[in-house]
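What follows is one structure encoded as structure tokens, with my remarks underneath.
The values are calculated or read from the model by the stated rules, or taken from the named source; none is laboratory data. Bear in mind the structure is a predicted one, so any value in this text is a computation, not a measurement. A quick note on method: Cβ atoms are made from the backbone with ideal geometry, for glycine too, and the neighbour counts reach across all protein chains shown.
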Amino acid sequence: GAVVSQHPSRVICKSGTSVKIECRSLDFQATTMFWYRQFPKKSLMLMATSNEGSKATYEQGVEKDKFLINHASLTLSTLTVTSAHPEDSSFYICSARNLGVTGELFFGEGSRLTVL
Amino acid sequence: GNSVTQMEGPVTLSEEAFLTINCTYTATGYPSLFWYVQYPGEGLQLLLKATKADDKGSNKGFEATYRKETTSFHLEKGSVQVSDSAVYFCALSLTSGYSTLTFGKGTMLLVSP
């Protein structure tokens with residue numbers, strides 16, 4: 001079946017540094033990928049929609065300069081948390097739409113970011 | 001706005017017990033409804049879905065019926081297994097595809113032998 005992989009699964013960084021999270025569709029091409037953020041005991045919150053070859057579309061309240069998204073190929077989207085602070089600590093999840101399977105979304109396993 | 005409310009977990013059951021996880025929704029239109037499951041260390045997987053009122057989604061012994069009159073989509077399974085232990089997310093989408101999913105907070109299910 002379709003697989004989406006995220007890397008790294010866990011990352012710890014110091015305040016002020018930038019962290020890049022990768023989302024790859026392993027066996028299908030994804031023109032659209034989505035990035036979510038999940039707080040403890042909260043639902044997944046859509047952050048942005050990543051479109052291959054164009055700028056990402058951010059949800060209201062999400063800082064585009066803080067969360068840089070790049071979708072340079074049909075199998076890879078990256079989320080970079082710039083100048084990370086402790087309040088950015090969270091679980092980040094990506095998903096990719098497989099147009100060949102009625103548009104179903106496939107999710108990565110998530111990346112837990114801890115900013116010290 | 002659109003929202004999904006799930007029962008809080010964790011839900012703790014013994015193997016072969018009957019499972020119900022409640023899910024109700026609020027939507028401005030006629031949504032499609034989904035249940036996703038997240039096993040430990042893995043990404044979310046689509047478990048089942050229903051696209052219109054009275055539809056029943058089913059998969060792996062799990063079922064959920066789209067009830068428009070009660071705005072509900074409760075997940076049920078007649079006999080749970082230890083391998084069903086996971087977090088279950090109810091979600092809705094108002095678009096024809098999956099691009100604008102609104103998720104509930106998730107319900108953790110723990111099944112003991």
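A few comments on the model shown:
- Considering each residue of the stretch A:9-28 in turn, none proves to be modelled with pLDDT under 95, surrounded by 13 or more Cβ atoms within 10 Å (Cβ to Cβ) and in contact with a His (Cβ under 7 Å, 6 or more places away or on another chain).
- Residue list for the stretch A:27-43, filter: over 12 Å from the mean Cα position of the chain (by Cα) and either more than 10 Å from every other protein chain (Cβ to nearest Cβ) or of a type outside the set (D, E, K, R) (or both): A:Asp27, A:Phe28, A:Gln29, A:Ala30, A:Thr31, A:Phe39, A:Pro40, A:Ser43
- Applying the criterion of at least 2 residues that are touching a Gly at 6+ places or on another chain (Cβ under 7 Å) and under 30 Å from A:Tyr92 (Cβ atoms) to the strands (runs of 3 or more DSSP E) found wholly in the stretch B:1-84 leaves B:3-6, B:44-50.
- Hits in the stretch A:1-26 - residues which are within 14 Å of chain B (Cβ to nearest Cβ) and assigned to a loop (DSSP other than H, G, I, E, B): A:Gly1, A:Ala2, A:Val3, A:Pro8, A:Ser9, A:Leu26
- Per the conditions (1) more than 14 Å from chain B (Cβ to nearest Cβ); (2) over 22 Å from B:Val87 (Cα atoms), the sole criterion not satisfied by A:Glu59 is (1).
- Screening B:Gln45 on (1) surrounded by 21 or more Cβ atoms within 10 Å (Cβ to Cβ); (2) within 14 Å of chain A (Cβ to nearest Cβ) shows it passes everything except condition (1).
- Counted residues, the stretch A:46-92 - those being assigned to a loop (DSSP other than H, G, I, E, B) and within 10 Å of the chain's Cα centre (by Cα): 0
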